[in-house]
Amino acid sequence: MIRIFSSTVKLLSSVPVQNFGKTRAKVILIQDLPPLGFEGEEVTVKPGHASLDLVPKKKAVYSFPGLRKRMFPNFDEKLLARKRSDYDLKLFVRKLETVELKIVKPATPVNPLFLKDPITKKELTDEINIGLNLNVTQDNVVLDEDLYKFGKTAVLIKDYYSEKYDRHFSFRLQIDLIKMEIQAAVQKGKEKGEGKKKEKAPKEVEATNVEAKTEEKKPEEKKAEEKTEEKKGDAKKAAEKK
């Protein structure tokens, strides 16, 4: 880490924030502060963050034109890129270890707690690569025996190489083996179908009853029409006699 005299820090920390703009302030970091930045980087922060935290605690100094080159005349850009890559890799590994890979398999008819076909190292490797979009090989997967029981387990992925970070690293992957409920799903489908039929049945019965009633009413209507016609005929005959 670069050595800075206390008088220089006092001088730079006494500069008012207004000189760097109303909303943002530029500072030069004098120590690694990921994810904000790393030693020797010039970053832009809120004025309050600079005046209340970074500068008073000697984590950074206010930036002036040409100050960074004077403070870090032999600044190593490759080292900075390496630090950034290491930090990104750390976040990536942390994310991988929080991911839970779910694998759905049918159970054996003898015991529903066990898989019908145990998962081998080759099959697990394929599931990892498809589910997480990685390039894991069987040599990376540490698996003493096949996975044969449902539930959660942790599998060590050892010495995995990432082209993006150009680095070898290891991590533990959480595997969740879930039982495929085929029979239960089929049974639910049948029950739903029967329920729909039962709902439709009363409507059909009502419809048939209505049709029967209409059919029953038709002869009565015909008789009534015949009687009215007879009355009309009698009325005409009486009028003709008069």
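The values are calculated or read from the model by the stated rules, or taken from the named source; none is laboratory data. Here the structure is a predicted model, which is why all the values come from computation and not from measurement. We place every Cβ from the backbone using ideal geometry, glycine too, and count neighbours over all the protein chains shown. The accessibility values were calculated without ligands, DNA or RNA, using every heavy atom of the protein model including side chains. Shrake-Rupley method; radii C 1.70, N 1.55, O 1.52, S 1.80 Å.
Test of understanding: among 144, 126, which residue is open to solvent by 60 Å² or more (accessible area, probe 1.4 Å), over 12 Å from residue 102 (Cβ atoms) and at pLDDT below 95?
Going through 144, 126 in turn, the sole match is 144.
Working only within the range 99-139, note down all residues that are within 13 Å of residue 155 (Cα to Cα), in contact (Cβ under 8 Å) with a residue 24 or more places away in the chain and part of a loop (DSSP other than H, G, I, E, B).
Hits for the range 99-139 are 99, 120, 136.
Within the range 108-117, which residues are of a type outside the set (A, V, I, L, M) and over 10 Å from residue 150 (Cα atoms)?
Of everything in the range 108-117, those that are of a type outside the set (A, V, I, L, M) and over 10 Å from residue 150 (Cα atoms) turn out to be 108, 109, 111, 116, 117.
For the range 161-171, does any single residue satisfy the condition of being surrounded by 13 or more Cβ atoms within 10 Å (Cβ to Cβ), farther than 25 Å from residue 81 by Cβ and in contact with a strand residue (DSSP E or B) (Cβ under 8 Å, 6 or more places away or on another chain)?
no
Looking only at the range 25-48, which residues are farther than 22 Å from residue 78 by Cα and surrounded by fewer than 15 Cβ atoms within 10 Å (Cβ to Cβ)?
If the condition is that a residue be farther than 22 Å from residue 78 by Cα and surrounded by fewer than 15 Cβ atoms within 10 Å (Cβ to Cβ), then 46, 48 are the ones that fit.
Quick one: in the range 84-118, which of the residues that are β-branched (Val, Ile, Thr) and over 25 Å from the mean Cα position of the chain (by Cα) is surrounded by the fewest Cβ atoms within 10 Å (Cβ to Cβ)?
110
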